[in-house]
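Participant: First the structure, which I've put down as structure tokens, then a few questions once you've had a look.
Nothing in this text is a laboratory measurement; each read-out follows from the coordinates by a stated rule. Given the structure is predicted, the values throughout are model-derived calculations rather than measurements. FYI the Cβ positions are ideal-geometry reconstructions off the backbone, even for glycines, and counts take in every protein chain you see.
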Amino acid sequence: MARLLKQYREEIMPQLAQELGRKNPMSLPKIEKICLNMGVGKAIDDNKLLDAALREMKEIAGQAPTVTKARVSVSNFRLREGYRIGCRVTLRGARMYEFLDRMINLAIPAIRDFQGVSTKSFDKQGNYSIGIEEVMIFPEVDADKLDAPLGMDVTIVIKNSQSAEESRNLLRKFGMPFKNQ
């Protein structure tokens, strides 16, 4: 069992139930999935960049990503419908908690001049999104194999959250390093 999943079940759930005044454990905020997305706009000119993005995403996520294709043509960007322009992965279950553990404890603290992640990146449903400028902060990535810097978007989807504050409280209990804690 993943370390954070065990922590959620044994420590965080009872604390949330007491703080929110809910007796039903199924009504407590819970991380449903984590979506990773890598947009590689330069893949239009160089297909090797997309192959590198697919390889790095597989290393980081621990499962094979799917290729995303352009839905519409945009002449200003020399983009045609159907071009391969990125990749994405959806993590659930134990693999999701293991990725979250690595991101919180290893990757985010490796960011140079790190002051904490923003508390303003929650949407109305309580989901949290963070942009990572370079995937080299993850220990699985070999910096020597990267031809160009790659960025990634991480979205943490939280279900049963009635506000951004409930989601923020849940992520804080997992150890997410928010600014001004």
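Participant: For the chain, with the dipole built from +1 on Lys and Arg beta-carbon atoms and -1 on Asp and Glu ones, taken about the Cα centre, which of Val67, Pro139, Met57 lies farthest toward the positive end?
Facilitator: Ranked along the dipole, the leading option is Val67.
Participant: In terms of modelled amide H atoms, which long-range or inter-chain residues lie less than 5 Å from the amide H of Glu140?
Facilitator: none
Participant: Can you give the longest stretch of the chain with no exposed loop site, where a site means GluC sites (Glu not before Pro) in a DSSP loop (not H, G, I, E or B) with at most 13 other C-beta atoms within 10 Å?
Facilitator: 1-80
Participant: Counting pairs of alpha carbon atoms under 8 Å apart in space and at least six apart in sequence, what relative contact order in percent does the chain give? Let's see the in-between values first.
Facilitator: Details: 294 pairs, mean separation 52.5, N = 181.
The value is 29 percent.
Participant: Here's another thing I want to ask about it. Which loop-located trypsin sites (Lys or Arg not before Pro) does the range 1-88 contain, where loop means any DSSP state but H, G, I, E or B and the Cβ has at most 11 other Cβ atoms within 10 Å?
Facilitator: Lys23, Arg71, Arg78
Participant: Now a separate question. Which value in deg cm²/dmol, rounded to the nearest 500, describes the helix-derived mean residue ellipticity at 222 nm for the chain, given -39,500 (n - 2.57) per DSSP H run of n ≥ 4 and division by the residue count?
Facilitator: -8000 deg cm²/dmol
Participant: While we're looking at this one, here's another question. All other residues with a Cβ under 10 Å from the Cβ of Pro65 taken together, and with Lys, Arg as +1 and Asp, Glu as -1, what is their net charge?
Facilitator: With Lys, Arg at +1 and Asp, Glu at -1, the net is +2.
Participant: Which residue, Gln125, Gln162, Gln18, tops the fluctuation ranking in a GNM of the chain built on C-alpha contacts under 10 Å?
Facilitator: Highest fluctuation of the listed residues: Gln18.
Participant: Can you pull out the chymotrypsin sites (Phe, Trp or Tyr not before Pro) in the range 113-173 that DSSP calls coil and that have at most 12 other Cβ atoms within 10 Å?
Facilitator: Phe114
Participant: So if I restrict to the alpha-carbon atoms in the range 85-181, what is the Rg, and what is Dmax, the biggest pairwise distance, in Å?
Facilitator: Values for the range 85-181 (Cα only, Rg and Dmax): 14.0, 44 Å.
Participant: Once Cα extents along the principal axes in Å is worked out from the coordinates, which option in [x] 46, 39, 30; [y] 42, 37, 32; [z] 55, 34, 32 does it equal?
Facilitator: Read-out from the structure maps to [z].
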